[in-house]
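Step one of this worksheet: look at the structure below.
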Amino acid sequence: MFTKVSVSKISQLYFEGKVSSRQIDLGDGQKRTLGVMQQGQYRFSTNEAEVMTILSGEVEVKLAGENQFTPYKYDQEFHVPSNSYFDIKVLQVTDYICRYIG
């Protein structure tokens with residue numbers, strides 16, 4: 001059970017509304033974002049290091065410095081360093097949760 005958890009009432013929209021997310025604050029300083037991505041290809045920049053877990057759908061991800069895309073689907077995750085970026089191809093509508101780690 002969680003206590004003192006708050007969820008943003010207003011979603012953040014990216015790429016003309018094709019990606020949306022809501023921030024979740026866990027009350028102990030930890031935060032997450034929970035979101036949905038429509039089919040398409042996107043580039044995201046990071047300030048903090050993060051771990052993105054795919055909850056449903058299917059994507060391919062290319063991290064900064066990599067030469068090829070790697071597939072991810074249900075219950076798989078990838079790590080993104082701080083002050084970096086990643087390219088993501090969303091092959092099916094995808095639900096995700098992102099955990100910030102510093």
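The values are calculated or read from the model by the stated rules, or taken from the named source; none is laboratory data. No experiment lies behind these values; they were computed from the predicted model shown. Cβ coordinates were reconstructed from backbone atoms using ideal geometry, including for glycine residues, and neighbour counts include every protein chain displayed.
Summary table
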quantity: Every residue from the range 85-102 that is more than 9 Å from the chain's Cα centre (by Cα) and modelled with pLDDT of 95 or more; calculated: Tyr85, Phe86, Asp87, Ile88, Lys89, Val90, Leu91, Gln92, Val93, Thr94
quantity: Unique match (being of a type in the set (Val, Ile, Thr) and more than 13 Å from the chain's Cα centre (by Cα)) among Val51, Val7, Val19; calculated: Val7
quantity: Pairs with Cβ under 8 Å, 6+ apart, first in the range 16-40 and without any contact (Cβ under 8 Å) to a residue 60 or more places away in the chain, second surrounded by fewer than 15 Cβ atoms within 10 Å (Cβ to Cβ) and among the hydroxyl-bearing types (Ser, Thr, Tyr); calculated: Ser20/Tyr14; Arg22/Ser8; Gln23/Ser8; Ile24/Ser6; Ile24/Ser8; Asp25/Ser6; Gly27/Thr3; Gly27/Ser6
quantity: Test result for Arg43, under 13 Å from the mean Cα position of the chain (by Cα), crowded, with 17+ Cβ neighbours inside 10 Å and either closer than 17 Å to Gln12 by Cβ or of a type in the set (Ser, Thr, Tyr) (or both); calculated: no
